[in-house]
1. Residue by residue through the stretch 217-225, which ³J(HN,Hα) values in whole Hz follow from phi under the Karplus form 6.51 cos²θ - 1.76 cosθ + 1.60 (θ = phi - 60°), with glycine and proline marked x?
2. Mind ordering 188-200, 215-227 by average Cβ neighbours within 10 Å, highest first?
Amino acid sequence: MTGFKQLAYAGVMMGAAFAVHPTGKYGPAADSTVEERNRLDANVSGGVNPSDYRANSILKNRAHAGEWTSPRPAEPMPPTSCRSVEPIPWVHTGNYSGPHRVHTRTVMWFETESGFGIVRMMLSVNSRGIDVPSSVIDRVELVSLLTDDKPSVYVLDDMPTIQLSRQAKRRPLDEFERLGLEAVRRGQDLVGSREAPTRMFGAIRAHAICLECHTSAKAGDLLGAFTYYLNKPVDQLYDE
């Protein structure tokens, strides 16, 4: 299986809940920015983030605890400008459409490699020699909503995990990401732009695994996002 790194399969596919229709399985919150603000206040009140304590406690009991390395040096990608974003169409080709399958696998990989999920999957190696959930991913970065007053992006060349993100530099959102965040706050789950055909922006919404640490959240709440840099246009991913 050229181009793939085999990992052992174990457990069941818990992350499939993230492959929701782009109109939003859960629908937009009454005021999602207020909900995010309330969770942020709860997290950083008194300079303490209780989610960090819970995550650290949980990670001590996970197989990967203590095995994490420092991220490789990374520089911010050039900012992407655009005037609008659109929902990426949901095309029923089996369980997931191409772009949505890429996003679902990325969320599942993030959960597992951060120590919280139970899925082992086959990884691809992209053109730069980095293990990725899909070979179409050149780079994917984690968007933080709950660690500072303003959303920011962790600058990582590696696939993001909680542990690597804690060591990474952060940058402000570019124009594409600001529009993408507005869209996922309104209930979309995966968006792109005709003006930036190799970019995607996908929501990370809370489900059972996430609530172990994010105790102030409820299922369906927006916890963060992934911003994607692809090596081919989004509309070509339906053939993947």
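None of the figures in this text is laboratory data; all of them are computed from the coordinates on show. Given the structure is predicted, the values throughout are model-derived calculations rather than measurements. Neighbour counts are summed over all protein chains in view; Cβ atoms, including those assigned to glycine, are modelled from backbone coordinates with ideal geometry.
1. Residue by residue, the stretch 217-225 yields 9, 10, 3, x, 5, 7, 9, x, 7 Hz.
2. Sorting 188-200, 215-227 by mean packing, highest first, produces 188-200, 215-227.
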